[in-house]
């Protein structure tokens, strides 16, 4: 049995170190990934993927931790993928936040992993789905993908999840900011955390107003609920779990679950193909290599479109 | 003469509406772009590209406006490209900020343009270099690319510019945040704006400390200066202009200017090629199309790497 096969067998049997090593293959963009993904294939498609996003300071880690507690009470095996798209550093970037997760650090049925995606060849869209495949095949019932809501990452995360939870807090990352960042289009469930603080009512009201504003819903469409929580005390978490179950039921019933997973697979395939092509582009053995073409563009001998044509001819020859 | 040729001729003669229409071709990813880029080619390579980035609230628009005033006093023709990578909306997203630029709105030698890059097929790396080509060919001596410092956009902008200016302000987006966001690796010139406010000394000190921390500079390498400004009153702007000139001299002298422009051209060619490939991927006439492959991955018949192989075979046949 190859090393990769051994890792997969052990990960399937619940060995946390083998799960970690498989995810490291993803982070390192290892050549062994191809074999790993083929070996994991028969065991996938079981996990529910929940995306969790929100601006810094809304209480994402605390909420994630409260979700994990609730899911463990329901006897679910849980994977957590904390993606920090704003950090160029690997692993340690979210360490401060991860400390809050230490309640679950010794639980054999909880896998916790931070991933930095910046600097990665294919970025978030390349690495996260493959890490999800590992956690799915390792027997996780639910995988939580937590990401800092900056730039376009939250919209990318929504593309990866079955259900996307958008987190807000009174006074921070208010509804208008959220609208500007585009996250009011991606939430399936909205959570106003720190609901015991001043301004919570206003945030809920504002959010409801903004969600209704853009609404042109057909009968049978999903209406994202708004739920108040105080995650640090576990308040409101059961309501969120109910909303997640309800959304999952709706997804399954309407065929939307299949559509979302289809789209996710298409994005994943595309990201792998594009990454493979980018690698070939720099390869001087393949006709007109990028380096020469860039010289000719700088010297105004070639426009960038003509250069791209020549590059593609070389690739597809 | 084709429509595109007419636009290029008029843009070259200083017609602002033709410049705007050419940039709209970029925003719309128009098929006419190929012809436009070929027609613009002989007129490029003249403009100096200055990137300007910083967290929200540090005074980017005010600083840009002060830079423009200083550059106009030096009789430079100026283009401004305000890129908002966090906004899914086109054009209007930065309108509030643009109001502060109205001092220059009637100046024939200043072109101002906002661009939203999210949702764009190729994103910032696809659209911005092409918009730069338009402004360059239209006779701009300097193009300022202003972007909100969120997520990875500032690092992308640094890849587009000859010189990158990183803006900070006391108490906001402090040096540690900047370090976390990775912008301490990309600045050629650091500006601490609102330097009349409390905490300015501490910000400068902290910034200097952090810049020195990572320093392993060879003799002859560029040491990024830290300059204090109060952009709203024009204070310190002349010093920034001097630093920019000095950096440009260093770039030219060391061959780094050529290297940066080469890298920029390579990124641009690659982005155009990848975008073209992505378009082909969805095309059902080309062998195994993405849609079918995604179905087979969801059904666990194929792993994503095998699917990507089949996709590429179809593309390169």
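Structure summary
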| item | result |
| --- | --- |
| Which numbered condition residue A:276 misses (of (1) modelled with pLDDT of 90 or more; (2) within 30 Å of residue B:307 (Cβ to Cβ)) | (1) |
| Answer from A:302, A:293, A:310 - the residue that is within 14 Å of chain B (Cβ to nearest Cβ), in a loop (DSSP other than H, G, I, E, B) and at pLDDT 85 or above | A:302 |
| Hey, residue A:38 at pLDDT 90 or above and surrounded by fewer than 20 Cβ atoms within 10 Å (Cβ to Cβ) or not | yes |
| Of the criteria (1) within 30 Å of residue B:295 (Cβ to Cβ); (2) within 13 Å of chain B (Cβ to nearest Cβ); (3) not in a helix (DSSP H, G or I), which one residue A:76 fails | (2) |
| Hits in the range B:257-272 (condition: more than 8 Å from every other protein chain (Cβ to nearest Cβ) and either surrounded by 16 or more Cβ atoms within 10 Å (Cβ to Cβ) or under 16 Å from the mean Cα position of the chain (by Cα) (or both)) | B:257, B:260, B:264, B:267, B:271 |
| Evaluation of residue A:25 against (1) touching a helix residue (DSSP H, G or I) at 6+ places or on another chain (Cβ under 6 Å); (2) modelled with pLDDT of 85 or more; (3) within 12 Å of chain B (Cβ to nearest Cβ) (one fails), failing number | (3) |
| The one condition in (1) assigned to a loop (DSSP other than H, G, I, E, B); (2) under 30 Å from residue A:168 (Cα atoms) that residue A:14 fails to fulfil | (2) |
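The rows are residues; the columns are (1) more than 9 Å from the chain's Cα centre (by Cα); (2) at pLDDT below 90.
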{"position": "B:123", "(1), (2)": "yes, yes"}
{"position": "B:135", "(1), (2)": "yes, no"}
{"position": "B:148", "(1), (2)": "yes, yes"}
{"position": "B:159", "(1), (2)": "no, yes"}
{"position": "B:162", "(1), (2)": "yes, no"}
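The values are calculated or read from the model by the stated rules, or taken from the named source; none is laboratory data. Remember, it's a predicted structure, so these values are computed and weren't measured experimentally. Reconstructed Cβ throughout: ideal geometry from the backbone, glycine too, with neighbour counts over all protein chains shown.
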